[in-house]
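J.: The structure that follows is given in the form of structure tokens.
The values are calculated or read from the model by the stated rules, or taken from the named source; none is laboratory data. Nothing here was measured: the structure is a model prediction, and the numbers come from that model. In this analysis, Cβ positions are derived from the backbone assuming ideal geometry, glycine residues included, and neighbour counts consider all displayed protein chains.
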């Protein structure tokens, strides 16, 4: 019997003992399996912790920030109180850890200990998040070693195959449409109410993608320098919150080499990051009272390998952008980012990135018809947002 089968039986055993007491055998089909998830065991395990201890601690702080956010959104009934707790208390907590990594956790936290209530709301989602975060960590461990490139490549493919062996928990390797994240009736509520911490979440995603990118460098001194630069840039976002991203970073702009070499994994991570936004919107929106059902409806759409796929061309940016280019890229608005997604060439994207703000506005207006054709719900959503803003005014 292999380990997965054994763990499945172990997890199911208490349930099987309880079913006769419930007197409802059909309940077996409704009880969610809660077996533990484990990465592959390999010679690279814990290499990130050993070779890049600050990065390891930062990623632990990222996990805490995600978990604490979900817990506050779920358990704080008064919205104004929730806004204060997240935009001030939780923000101050994670910011302090990023400014001084000695204050970040030395060990990866178990989400159930940080967020005991939110992990109960939608256990299948919690498993999908955990499973994909395990893949994230596994790849960092592999890239943090000094193994030959072909050996690293082999281990990465093995780790991804292990990830795909749990299809009910694995995000698909084809990108889901931006409409799901941006243009549903409840979309963008979270970022409107919690703009600073939303920027922190997007900074997390930027850092994770940049690590995927720069850790591909095989030469150890060059890799160390690139990791240090990415980490310094990430820290700078918390030293000066004006540097926090204004749109969700994606692999085609932040990790172009990683996307080229491991497209399935890169798009899986983009889907994970997109779902974090959807999850935050559901938890934050006061009109969504049945959080579990809403989460599972979205999760089912996301885990379906062929439903609601992205159609925008999304040309990858050229590799080797400067630190200033990355800062400029992060400051593009949501609409500017969407305009870049529909551009026909990388050269057009790069020219747009370096345009003055007033010229970018004109470019977005010119591309708006293309945006509306690409994402059918775009026009409706922005009409709703304009109406709401008018009523508020």
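J.: Please work out if residue 316 is loosely packed, with under 14 Cβ neighbours inside 10 Å, touching a helix residue (DSSP H, G or I) at 6+ places or on another chain (Cβ under 8 Å), part of a loop (DSSP other than H, G, I, E, B) and on the phi < 0 side of the Ramachandran plot.
T.: It is false that residue 316 is loosely packed, with under 14 Cβ neighbours inside 10 Å, touching a helix residue (DSSP H, G or I) at 6+ places or on another chain (Cβ under 8 Å), part of a loop (DSSP other than H, G, I, E, B) and on the phi < 0 side of the Ramachandran plot.
J.: Further question: Taking the conditions exactly as written (out of contact with any helix residue (DSSP H, G or I) (no Cβ under 8 Å at 6 or more places or on another chain), over 23 Å from residue 191 (Cα atoms) and either modelled with pLDDT of 95 or more or surrounded by 15 or more Cβ atoms within 10 Å (Cβ to Cβ) (or both)), does residue 151 satisfy them or not? Steps first, please.
T.: Working: out of contact with any helix residue (DSSP H, G or I) (no Cβ under 8 Å at 6 or more places or on another chain): yes; over 23 Å from residue 191 (Cα atoms): yes; either modelled with pLDDT of 95 or more or surrounded by 15 or more Cβ atoms within 10 Å (Cβ to Cβ) (or both): yes.
When the stated conditions are applied, residue 151 passes them.
J.: Here's something else I'd like to know. Counting just the residues of segment 297-313 that are within 18 Å of the chain's Cα centre (by Cα) and buried (at least 16 other Cβ atoms within 10 Å of the Cβ), which one comes out farthest from residue 170 (Cα to Cα)?
T.: 310
J.: Filter segment 271-296 down to the residues that are surrounded by fewer than 19 Cβ atoms within 10 Å (Cβ to Cβ) and within 18 Å of residue 131 (Cα to Cα) and list them by number.
T.: The one that is surrounded by fewer than 19 Cβ atoms within 10 Å (Cβ to Cβ) and within 18 Å of residue 131 (Cα to Cα): 296.
J.: Tell me whether segment 332-347 contains one or more residues that are assigned by TED's automatic domain parsing to the domain that holds residue 172, under 26 Å from residue 171 (Cβ atoms) and either surrounded by fewer than 18 Cβ atoms within 10 Å (Cβ to Cβ) or without any contact (Cβ under 8 Å) to a residue 24 or more places away in the chain (or both).
T.: The answer is no; no qualifying residue exists.
J.: Scan (1) in contact (Cβ under 8 Å) with a residue 60 or more places away in the chain; (2) surrounded by 15 or more Cβ atoms within 10 Å (Cβ to Cβ); (3) over 19 Å from the mean Cα position of the chain (by Cα) for the single condition residue 97 breaks and write down its number.
T.: (1)
J.: If I ask for residues that are buried (at least 18 other Cβ atoms within 10 Å of the Cβ) and more than 18 Å from the chain's Cα centre (by Cα), which ones from segment 217-234 would you list?
T.: 223, 226, 227, 233
J.: Ok, one more. Would you check if residue 236 is closer than 20 Å to residue 212 by Cβ, without any contact (Cβ under 8 Å) to a residue 12 or more places away in the chain and assigned to a helix (DSSP H, G or I)?
T.: In short, yes.
J.: Sticking with this one: Tell me the residue from 119, 90 that is closer than 27 Å to residue 295 by Cα, surrounded by 12 or more Cβ atoms within 10 Å (Cβ to Cβ) and at pLDDT 90 or above, please.
T.: Matching residue, one of 119, 90: 90.
J.: All but one of (1) surrounded by 16 or more Cβ atoms within 10 Å (Cβ to Cβ); (2) modelled with pLDDT of 95 or more hold for residue 366, so report the exception by its number.
T.: (1)
J.: Right, next: Give the residues of segment 265-321 that are without any contact (Cβ under 8 Å) to a residue 24 or more places away in the chain and closer than 26 Å to residue 153 by Cβ, sorted by residue number.
T.: Answer for segment 265-321, where residues must be without any contact (Cβ under 8 Å) to a residue 24 or more places away in the chain and closer than 26 Å to residue 153 by Cβ: 320, 321.
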